[in-house]
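The values are calculated or read from the model by the stated rules, or taken from the named source; none is laboratory data. As the structure is a computational prediction, the values presented were derived from the model and not from experiment. Note that each Cβ is placed from the backbone with ideal geometry, even for glycine, and that neighbours are counted across all protein chains shown. Side chains included, ligands, DNA and RNA excluded: accessible areas come from the protein's heavy atoms. Shrake-Rupley method; radii C 1.70, N 1.55, O 1.52, S 1.80 Å.
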Amino acid sequence: MPGGIEPVLMMDGALYRWARLNGTGVPLETENGLILPTYLPEGYEAAGDLGPVTKDPPEKDLQMQAGFAASGVVFTNPDRPLVIYVHLTTDWLTDTYVRFESEDLGENLIAWDGRLFQIPIGRDAPVEELPEGCVSAGTLRYVGEDTLPEANLECNGMGDSFGHTLTGREVFQDPADPDVLYVFETQYWAEGSFPAWEVCRPWEPDEVPHPAE
């Protein structure tokens, strides 16, 4: 990130971190190569002009911490309080919608028995065999990436590290260990495809990082 600081924005007294450019998936040619054209999802309305932008942690709504100069407009949706968008212009972006996410919004989460478990996609190695005694809990249902799952086996993750959907993926539980779920995943390697199970443990929100003072 230019300036060496992960951008953090304050809105309604809460902190939101830069997540990504909100692209449509259609490449757009620019002087620097290919980027994604960006857009604002339906239901979002302008909440005010962005600013000021400084290297210090934000203290008021609409303030942003970043290592670069920027201007823009902040957009919010009361039905999606964990995600906001900024129509941003910098010396390296022009008229771009950037997605910011609350520290309370995790990715690839599964609701189960009143708790949230996280699928560690691309981070921890899956297991090749289920522990003895595991039983099927059912299959995952996608509820959208902007919300936290609530009902059992709802999931806010779209796909695995191989680009395949999580919807309909079978989940297993170990009656002897309530702190873990196992999500089936087919692993694809040069030698072929192999069954595996992602090991999912209870999720805790990450604290929004700030640079050391």
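A Cβ distance below 6 Å, combined with a sequence gap of six or more or placement on separate chains, defines the contacts here; from the stretch 138-154, residues that are surrounded by fewer than 16 Cβ atoms within 10 Å (Cβ to Cβ) and outside any loop (DSSP other than H, G, I, E, B) reach residues that are acidic (Asp, Glu) and modelled with pLDDT of 95 or more in the pairs Thr139/Glu170.
Listed here are the residues, each with its yes/no results for (1) more than 15 Å from Pro2 (Cβ to Cβ); (2) open to solvent by 20 Å² or more (accessible area, probe 1.4 Å); (3) among the hydroxyl-bearing types (Ser, Thr, Tyr).
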{"residue": "Asn77", "(1), (2), (3)": "yes, no, no"}
{"residue": "Arg80", "(1), (2), (3)": "yes, yes, no"}
{"residue": "Tyr85", "(1), (2), (3)": "yes, no, yes"}
{"residue": "Trp92", "(1), (2), (3)": "no, yes, no"}
{"residue": "Thr96", "(1), (2), (3)": "no, no, yes"}
{"residue": "Arg99", "(1), (2), (3)": "yes, no, no"}
{"residue": "Asp104", "(1), (2), (3)": "yes, yes, no"}
{"residue": "Leu109", "(1), (2), (3)": "yes, no, no"}
{"residue": "Gly114", "(1), (2), (3)": "yes, yes, no"}
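Answer yes or no: is there a residue in the stretch 198-207 that is more than 21 Å from the chain's Cα centre (by Cα), open to solvent by 40 Å² or more (accessible area, probe 1.4 Å) and at pLDDT 95 or above.
The answer is no, given that none of the residues of the stretch 198-207 is more than 21 Å from the chain's Cα centre (by Cα), open to solvent by 40 Å² or more (accessible area, probe 1.4 Å) and at pLDDT 95 or above.
In the stretch 168-177, the residue that is least open to solvent (accessible area, probe 1.4 Å) out of those that are out of contact with any Leu (no Cβ under 6 Å at 6 or more places or on another chain) and assigned to a loop (DSSP other than H, G, I, E, B) is Gly168. The residue list Asp160, Asp146 contains one member that is farther than 28 Å from Trp189 by Cα and either touching a Ser or Thr at 6+ places or on another chain (Cβ under 9 Å) or at pLDDT below 95 (or both), which is Asp146.
The residue that is most open to solvent (accessible area, probe 1.4 Å), among those in the stretch 178-192 that are modelled with pLDDT of 95 or more and aromatic (Phe, Trp, Tyr), is Phe184. If the condition is being exposed (fewer than 13 other Cβ atoms within 10 Å of the Cβ) and in a loop (DSSP other than H, G, I, E, B), then the stretch 125-137 contributes Ala125, Glu128, Glu129, Glu132, Gly133. Contact map, the stretch 47-64: residues that are closer than 18 Å to His87 by Cβ paired with residues that are assigned to a loop (DSSP other than H, G, I, E, B) and open to solvent by 70 Å² or more (accessible area, probe 1.4 Å), Cβ distance under 7 Å, separation 6+ or inter-chain. Pairs shown: Val53/Ala69; Asp61/Asp12; Gln63/Pro52. Let me confirm something: among Gly67, Gly72, which residue is surrounded by 15 or more Cβ atoms within 10 Å (Cβ to Cβ) and in contact with a helix residue (DSSP H, G or I) (Cβ under 7 Å, 6 or more places away or on another chain)? Result: Gly67 is the single residue among Gly67, Gly72 that is surrounded by 15 or more Cβ atoms within 10 Å (Cβ to Cβ) and in contact with a helix residue (DSSP H, G or I) (Cβ under 7 Å, 6 or more places away or on another chain). Output the number of the condition that Glu107 fails; it satisfies all remaining conditions of (1) at pLDDT 95 or above; (2) out of contact with any Cys (no Cβ under 9 Å at 6 or more places or on another chain). Glu107 satisfies every listed condition except (1). Do the conditions hold for Pro58, that is, is it open to solvent by less than 40 Å² (accessible area, probe 1.4 Å) and part of a loop (DSSP other than H, G, I, E, B)? Spelling it out, Pro58 is indeed open to solvent by less than 40 Å² (accessible area, probe 1.4 Å) and part of a loop (DSSP other than H, G, I, E, B).
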